[in-house]
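S.K.: A single structure is presented below for examination.
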Amino acid sequence: MVRLFCFLFAFVFLPNANSASLERFQSYVRTTQAARGEFTQKVFDKSGKQVQDSRGSFAFLRPGRFRWTYVKPQQLIVGDGDRIWIHDADLNQVTVRKAQRVLGATPAALLAGASDIANSFELKEAGTRDGLEWLEAKPREKEAGFELVRLGLSTGGVEAMELVDHFGQTTHLRFSGVIRNPQIDPATFRFTPPKGADVLGE
């Protein structure tokens, strides 16, 4: 679950191709600086068996600030623009990493407001499914940690994401109740480790 912190940023890139999914993505990028909403997450192993089912809420503000809250198990992931903080409430443990070390050719780069997306990903239209236009992003970096990411878009923006990792697992995310460009308190994207928590990382 921890690796999914990389889904939590806003969208910026300038692809040269023309297609329904690319055009919808570009339109969403141009008109969305911030958002908040709910998500559901399901993880399937390589045989197609569901191995995880979770839900929660999210908020983001471009560039690079986000808050991703899992209801159960309790986990909080916060990006403050400089560092990414991951708090596991059950273990009372915090992991912190510099954002520049964990972004780049990752799903985070698709959502982080980076300006060089086309240099990091091979982008192509992936057809229509479940009433959505799909865009596929394959990392150019061989050690990115995953095979590809798919974005499902409607006229209203990004409604779904799918991550396929090197172990054959597929993570499905669905977004709902999304409010675009709301006023968000900057404190939402700050994090202070709880008293007594073990802090690991940079």
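The values are calculated or read from the model by the stated rules, or taken from the named source; none is laboratory data. Treat the numbers as computed from the prediction; the structure is a model and nothing was measured. No Cβ is skipped: glycine too gets one built from the backbone with ideal geometry, and neighbour counts run over all protein chains shown. When the accessible area is computed, the model is the full protein with side chains, heavy atoms only, and any ligands, DNA or RNA have been set aside. Shrake-Rupley method; radii C 1.70, N 1.55, O 1.52, S 1.80 Å.
S.K.: Give the residue, chosen from Ala197, Ala89, Ala126, that is closer than 20 Å to Asp53 by Cα and at pLDDT 90 or above. Steps first, answer last, please.
M.R.: Working: Ala197 fails: closer than 20 Å to Asp53 by Cα; Ala126 fails: closer than 20 Å to Asp53 by Cα.
Exactly one residue qualifies, and that residue is Ala89.
S.K.: Here's a follow-up. Over 17 Å from Thr40 (Cβ atoms) and in contact (Cβ under 8 Å) with a residue 40 or more places away in the chain: is that true of Thr155 in this structure?
M.R.: On the way: over 17 Å from Thr40 (Cβ atoms): yes; in contact (Cβ under 8 Å) with a residue 40 or more places away in the chain: yes.
For Thr155, the condition - over 17 Å from Thr40 (Cβ atoms) and in contact (Cβ under 8 Å) with a residue 40 or more places away in the chain - is met.
S.K.: Exactly one condition in (1) exposed (fewer than 12 other Cβ atoms within 10 Å of the Cβ); (2) at pLDDT below 90; (3) assigned to a strand (DSSP E or B) is not met by Leu163; state its number.
M.R.: Every listed condition holds for Leu163 apart from (1).
S.K.: In the range 166-202, how many are aromatic (Phe, Trp, Tyr) and open to solvent by 70 Å² or more (accessible area, probe 1.4 Å)?
M.R.: Filtering the range 166-202 for residues aromatic (Phe, Trp, Tyr) gives 167, 175, 189, 191.
From the residues that got through so far, the ones that are open to solvent by 70 Å² or more (accessible area, probe 1.4 Å) too are 167.
Residues that pass the stated criteria total 1.
S.K.: For residues that are in contact with a strand residue (DSSP E or B) (Cβ under 8 Å, 6 or more places away or on another chain), under 17 Å from Glu162 (Cα atoms) and not basic (Lys, Arg), tally how many sit in the range 27-57.
M.R.: 13
S.K.: Only one residue in Ser57, Ser47 is assigned to a loop (DSSP other than H, G, I, E, B), modelled with pLDDT of 90 or more and either touching a His at 6+ places or on another chain (Cβ under 7 Å) or of a type outside the set (Val, Ile, Thr) (or both), so which one is that? Outline the logic, then answer.
M.R.: Numbers: Ser57 fails: assigned to a loop (DSSP other than H, G, I, E, B).
Unique residue meeting the criteria: Ser47.
S.K.: Same structure, new question: Looking at the range 106-122, can you tell me whether even one residue there is open to solvent by 20 Å² or more (accessible area, probe 1.4 Å) and modelled with pLDDT of 85 or more?
M.R.: no
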